[in-house]
1. Determine, for the protein assembly as shown, the count of lysine pairs separated by eight or more sequence positions (or lying on different chains) whose alpha-carbon distance falls under 29 Å.
2. What's the whole-number percent of alpha carbon pairs in the stretch B:1-117 lying beyond 21 angstrom?
3. At 20 Å minimum axial length over the Cα atoms and a Kyte-Doolittle cut of 1.6, report the qualifying DSSP H helices in chain B, or say none.
4. So, R0 is 51 Å and r is the distance between the beta-carbons of B:A50 and B:D156; what FRET efficiency does that work out to, to 0.05?
5. Which peptide among B:282-289, A:92-99 comes first, and what is the full order, when sorted by highest mean count of other Cβ atoms within 10 Å?
6. Quick check on the protein assembly as shown: of the DSSP beta bridges with both residues there, what percent are antiparallel, nearest 5%?
7. Ratio to report: Rg/Rh of the protein assembly as shown, with Cα atoms as the point set and Rh obtained by the Kirkwood method; give two decimals.
8. Evaluate peptide A:16-24: per residue, the Cβ atoms of other protein chains within 10 Å of its Cβ; return the mean as an integer.
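Values in this text are rule-based calculations from the coordinates and carry no lab data. As the structure is a computational prediction, the values presented were derived from the model and not from experiment. All Cβ positions, glycine included, derive from the backbone under ideal geometry; neighbour counts span all protein chains shown.
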Amino acid sequence: MHISVDTNDRRPIYEQVMDEIRNLIARGELREGAALPPVRQLAADLGVNLNTIATAYRELQAEGLLTIRHGSGAVVAARTTRETGEVSADELRRTLRGALTRMALAGMPRAVILSAVTEELRALFGRGR
Amino acid sequence: MQLYVMWFVETLLLAGMLSWLPVMRGAAGFFGVNVSPDYLAQTGRVLLRAYRRRLLITLLALTAVGMGLAWATSTTWQNGRLMTPFGVTMTLNLLAAAIVYRQAARAARPHAIAGATRVAASMRTRRLRDFTFPGYEALLVALTLAPFAVLWFYYDLLPPRVPTHYDFAGRPDAWRGKTWQTVFATPLISLWMQGLLLIAKYSFIGMRITLPVDRSEEYRALKEQALGLWIRGADGARALLGLMLSALAMNVAFSSVPALSAWRPVAMVTVWFVTIALIAGLAWALWQTLRLNAQMEQIAGAAFVTSAMEERGWRAGGLIYYNPADPALFVEKRIGLGATVNFGHKSVWWLLAYMALGLALSFIFTIAA
């Protein structure tokens, strides 16, 4: 179970870390109650500043996905974010539309996009679902 | 004559070891920099040959001068003065080797390639308490403190001069006046060494594990296997060294108090056993590490993966790591095996203070006593 970051990615590193952790939680690889590595360990392993990881953990805590206890570190609090109540399904769908649009504009054929989406769904929900 | 032969052999061993160091990590650590395999195979090979030639000539020349001076001034082991030219020559050898190495590292540096822009990290936590067993720690504490108890109990029965060195058969061959420094030197050094090895264990647990993006889990499993080996090695070394130093410390009492004389052979057998076990353990750990490193190289092209941030921190041809921006206190060595400290980390001063404590203890218990 690992996360990866890319310094050539336009997204800030802390956002990449947040996305990766959300992905692990959504896929069930990080279950409720699972402890995350200490900020220092993850920052050292990824070769990034301490504050970058601390910010990612804090933002995920604000979303309701993590609980941070002083001395115990961060643990997974829930598999759903507080977003679902505050953000409508339309808004989330617009995010998906934006990503698919960028893929189409990059010249990816429909079949390739469909295959990519299917693979991501399988990774998130497992093969039988 | 025998000592001159040993002197020459030691010079050759030093040259051999220093010749191997720049390529111990392959292209990922060639003179401390990450170079491409193509560079290593062509220009790098020429640079390496020149380095080895210069190194060997320098070390042999310095050794020849040292030996010549020792011979000309009739310094011998018997008159007790041979260690001085030997010590001076070996020191100069190390300094000269550092200069030759640095020159070669400077030539290699422009060909360094940047660290990986895409890296991964495991989401498994690594904590000291996960590798700590209370029963084992209690045993080590008892082992380390036992000599204090024994020597304190028998202190008044010790003679005015106590043994401080033993020959290969365990018979005392050097004595000093009985003072608390002389009697408790070895147990205190043992206590300091336990602390040092605990720091080493912590360094392995806390060491950065940067993963390649491809085949991350496979690589992680091998890396954790290698680290597990070093962590267990540090624990093993604590037990063995604790046993040896306790035996040596208590041998002061065993050699001086008639009622305890039956324990003297036990102490010396223990010392010999531990010495053999340490050498065998070290050789086995080295072999296993090289085997695991070879497997990691197959996966990621190197036994370690470095980010661009880490690449910026290496100095002096990969011998020193200084990176205040890096939160890691310990990083994997670029040259050789094991870990090294990040001299730019704010906690490094505590570590250096602890090392200085060891030097201070040596001074107090040997020279000052």
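1. On the way: B:K201/B:K223; B:K201/B:K333; B:K201/B:K346; B:K223/B:K333; B:K223/B:K346; B:K333/B:K346.
Close lysine pairs found across the protein assembly as shown: 6.
2. Numbers: 3090 of 6786 pairs.
For the stretch B:1-117, the share of Cα pairs beyond 21 Å comes to 46 percent.
3. Working: long enough: B:2-20 (27 Å, 1.25); B:43-72 (43 Å, 0.87); B:83-108 (37 Å, 0.85); B:134-154 (30 Å, 1.38); B:180-205 (37 Å, 1.11); B:216-256 (60 Å, 0.36); B:264-300 (53 Å, 0.95); B:348-362 (22 Å, 1.75).
Membrane-span-like by this rule: B:348-362.
4. Values: r = 65 Å, r/R0 = 1.28.
The formula returns an efficiency of 0.20 here.
5. On the way: B:282-289: 13.6, A:92-99: 10.4.
Sorting B:282-289, A:92-99 by mean packing, highest first, produces B:282-289, A:92-99.
6. On the way: 22 of 24 bridges.
About 90 percent, rounded to the nearest 5.
7. That ratio is 1.07, to two decimals.
8. On the way: counts 0, 1, 0, 0, 3, 1, 0, 0, 1.
Mean shielding by partner chains, rounded to a whole number: 1.
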